[in-house]
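Below: the structure, in structure tokens.
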There are 2 protein chains.
Amino acid sequence: MKRRSFLMIAVASPGMVLLNGTGGTGVSGAALAQSDPLPSWNDTAAKQAILSFVQAVTTEGSPDFVTPSERVAVFDNDGTLWVESPIYTQLAFVIDRVKALAPDHPEWASTQPFQAVLENDLAALSAAGEEGLIELLMATHAGMTTEAFDAVVTGWIATARDGRFKRPYTELVYQPMLELLAYLRANGFESFIVSGGGIEFMRPWTEAVYGIPPQNVIGSSIRTELRMVDGKPVLMRLPQVDFIDDKAGKPVGINAHIGRRPIAAFGNSDGDYEMLEWVTTAEGRRLGMIVHHTDAAREYAYDRNSPVGRLDRGLDDAATRGWTVIDMQADWGRVFGFDG
Amino acid sequence: MKRRSFLMIAVASPGMVLLNGTGGTGVSGAALAQSDPLPSWNDTAAKQAILSFVQAVTTEGSPDFVTPSERVAVFDNDGTLWVESPIYTQLAFVIDRVKALAPDHPEWASTQPFQAVLENDLAALSAAGEEGLIELLMATHAGMTTEAFDAVVTGWIATARDGRFKRPYTELVYQPMLELLAYLRANGFESFIVSGGGIEFMRPWTEAVYGIPPQNVIGSSIRTELRMVDGKPVLMRLPQVDFIDDKAGKPVGINAHIGRRPIAAFGNSDGDYEMLEWVTTAEGRRLGMIVHHTDAAREYAYDRNSPVGRLDRGLDDAATRGWTVIDMQADWGRVFGFDG
């Protein structure tokens with residue numbers, strides 16, 4: 001009884017549970033199956049895939065049993081845990097930062113790609129390509145200390161609103177995935193974010209929003225360097241790419257940070273293909289899932305031809321790979337916490 | 001009462017406690033102070049510095065109280081948690097590996113620095129310098145998958161013996177530091193290793209020996225790359241240095257892996273100076289400690305002129321920095337678990 005009520009609290013209010021730390025409770029899969037740990041998931045094959053996987057790896061004596069310290073799960077962030085359409089949230093941050101910093105950079109009014117941002121000229125911004133994007137990233141993400149950047153992100157994420165839902169981006173997280181994170185946590189899993197997005201852009205808010213502390217966030221990074229400023233050490237963010245945590249970089253980042261091969265992986269785009277492959281081709285019971293954005297009414301619908309979160313090869317290969325495709329429209333009873 | 005008995009178990013047998021996971025118990029410092037969580041520490045200022053720090057940061061209502069998720073401690077490994085004299089354990093591994101691999105490399109018999117290793121010629125090895133050492137590292141650490149390297153380290157660490165104590169290196173860990181790790185864990189701390197040594201050389205055994213899981217190990221690294229071998233993805237270890245986690249690199253590595261500034265740091269050499277400085281110059285109650293090797297009878301005695309674990313600047317500045325120097329001979333009642 002006590003276990004069931006803990007779980008019900010976990011599902012009703014993930015935020016409260018998060019305050020209790022990241023350790024597992026050792027509750028068995030069998031005990032959990034008696035209540036509904038995933039109430040925002042419809043009773044379809046996707047939900048069943050999660051429940052049967054967790055039951056198998058947490059039931060002692062099961063041939064698939066996995067000791068708690070090996071219960072590592074990895075989650076992509078953009079499009080898997082929160083909204084990435086119509087533009088990545090970090091790009092919205094870049095655009096806002098360029099506009100905020102523009103008064104100190106009068107030259108930006110006539111210099112690309114800054115001019116494109118200031119004039120909301122998406123065609124010119126697109127024409128600037130990856131090189132232009134990196135220039136914007138460096139102008140907004142480097143040249144300050146890690147603590148100063150943390151403060152900038154914290155301030156922005158607290159006040160910025162998306163264009164469609166008019167809500168903070170931290171409310172545009174998928175309720176079914178919050179329930180999944182809480183369910184895995186209650187079953188002794190440790191979850192990590194493995195995102196192509198900037199590691200320092202995520203860390204200031206992931207613990208409050210997902211219950212994932214900064215040390216469990218893996219992402220792309222720029223170099224930092226220790227310097228003395230006014231007699232005190234600071235870490236200065238340099239305008240140099242350090243690591244790109246996307247595609248074949250994801251298994252590399254997972255190994256560098258975790259040093260242990262996860263047993264479950266969740267993604268939504270072809271950028272997650274190698275991570276899913278790395279996780280699910282290992283020996284033993286494994287779970288690979290892909291969030292397929294099929295719900296234009298409640299969220300967005302896109303896949304093969306999308307400029308964000310392109311999902312093409314993953315859709316083709318999911319069945320033969322044994323990956324479960326989550327059909328957002330059919331499999332999720334609720335998308336956001338603020339949905340009715 | 002229940003809390004005290006948990007702690008007594010923790011101290012008597014850290015290994016058992018480790019199996020219970022890394023989460024804190026939320027036991028308050030005040031409750032812990034009533035028993036002796038650090039029985040291998042003599043009743044000196046060093047022990048008192050630990051006890052009063054932990055009590056201050058774990059007592060709710062204390063001006064120094066730190067919320068559990070911020071209770072992060074960092075430990076150097078070589079010379080701080082285990083023996084590093086007369087040579088770093090990883091160098092002993094390199095030497096053994098060169099000898100083991102030599103039959104496949106007949107050219108090594110007449111090629112430096114390999115010849116020096118095969119002939120136990122320390123003068124020639126020393127003459128090869130850092131460049132020679134890196135060549136030896138790459139020949140023994142790269143050119144195989146991460147899983148293959150894990151297996152090599154696991155096999156070596158299980159069978160190798162040091163020259164003086166004739167024991168496995170994993171028994172040459174300092175009993176007072178194991179007690180400290182268990183004490184911090186019981187008080188809601190999360191501890192990380194931050195070592196100049198190779199990250200993949202430590203991860204295979206740190207959880208069993210220290211209760212520190214692979215994801216909490218930070219170290220120097222070589223690059224890895226995702227490749228397909230026989231249709232399955234592997235991470236291949238490349239002969240290229242990726243990151244040196246020493247001196248000014250330690251705060252960089254801490255930030256990259258943890259994303260949170262620790263509140264306690266433990267080191268033993270000038271390679272830990274910047275880490276200690278980074279941790280202890282932040283706002284709030286902080287703890288910085290240096291293990292000073294003063295005990296030639298039970299372990300080793302060295303500092304300013306040592307080829308391993310050189311401690312010079314740290315000794316000069318400890319008092320003004322507020323760092324506590326642990327005098328191994330005076331402060332530790334027992335050095336190793338196998339001591340009487």
Just to be sure, is B:V153 within 14 Å of another protein chain (Cβ to nearest Cβ), assigned to a helix (DSSP H, G or I), surrounded by fewer than 22 Cβ atoms within 10 Å (Cβ to Cβ) and hydrophobic (A, V, I, L, M, F, W, C)? yes
When (1) among the hydrophobic types (A, V, I, L, M, F, W, C); (2) modelled with pLDDT under 95; (3) over 27 Å from B:A208 (Cβ atoms); (4) surrounded by 14 or more Cβ atoms within 10 Å (Cβ to Cβ) are applied to B:I87, the one that fails is (3)
Would region B:165-176 turn up any residue that is in contact with a helix residue (DSSP H, G or I) (Cβ under 9 Å, 6 or more places away or on another chain) and within 14 Å of another protein chain (Cβ to nearest Cβ)? no
Tally of residues being in contact (Cβ under 8 Å) with a residue 60 or more places away in the chain, closer than 27 Å to B:V252 by Cα and surrounded by fewer than 23 Cβ atoms within 10 Å (Cβ to Cβ) across region B:54-68: 3
Across region A:63-77, what is the total count of residues that are part of a loop (DSSP other than H, G, I, E, B) and either within 23 Å of the chain's Cα centre (by Cα) or of a type in the set (A, V, I, L, M) (or both)? 4
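Conditions tested, residue by residue: (1) touching a helix residue (DSSP H, G or I) at 6+ places or on another chain (Cβ under 9 Å); (2) part of a loop (DSSP other than H, G, I, E, B); (3) over 18 Å from A:F201 (Cα atoms).
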position	(1), (2), (3)
A:D36	yes, yes, yes
A:A56	yes, no, yes
A:G61	no, yes, yes
A:Q90	yes, no, no
Considering every residue within region B:37-56, establish whether at least one is within 14 Å of chain A (Cβ to nearest Cβ), over 21 Å from the mean Cα position of the chain (by Cα) and among the polar types (S, T, N, Q). no
What is the residue count in region B:111-149 for residues that are modelled with pLDDT under 95, aliphatic (A, V, I, L, M) and under 19 Å from B:G197 (Cβ atoms)? 3
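Residue by residue, here is whether (1) more than 9 Å from chain A (Cβ to nearest Cβ); (2) surrounded by fewer than 19 Cβ atoms within 10 Å (Cβ to Cβ); (3) in a helix (DSSP H, G or I); (4) on the phi > 0 side of the Ramachandran plot holds:
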site: B:A158; (1), (2), (3), (4): yes, yes, yes, no
site: B:R161; (1), (2), (3), (4): yes, yes, no, no
site: B:A182; (1), (2), (3), (4): yes, no, yes, no
site: B:F192; (1), (2), (3), (4): no, no, no, no
site: B:V209; (1), (2), (3), (4): yes, no, yes, no
site: B:I212; (1), (2), (3), (4): yes, no, no, no
site: B:S221; (1), (2), (3), (4): no, no, no, no
Test A:A109 against the stated conditions and say whether it is under 24 Å from A:A128 (Cα atoms) and either free of Cβ contacts under 8 Å to residues at least 24 places away in the same chain or in a strand (DSSP E or B) (or both). yes
Could you please find all residues in region B:275-300 being closer than 18 Å to B:D78 by Cα and either without any contact (Cβ under 8 Å) to a residue 24 or more places away in the chain or crowded, with 21+ Cβ neighbours inside 10 Å (or both)? B:M275, B:L276, B:G288, B:M289, B:I290, B:V291, B:H292, B:H293, B:A296, B:E299
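The values are calculated or read from the model by the stated rules, or taken from the named source; none is laboratory data. Not measured: the values here are computed from a predicted model. Positions of Cβ are backbone-derived with ideal geometry, glycine not excepted, and every protein chain shown enters the neighbour counts.
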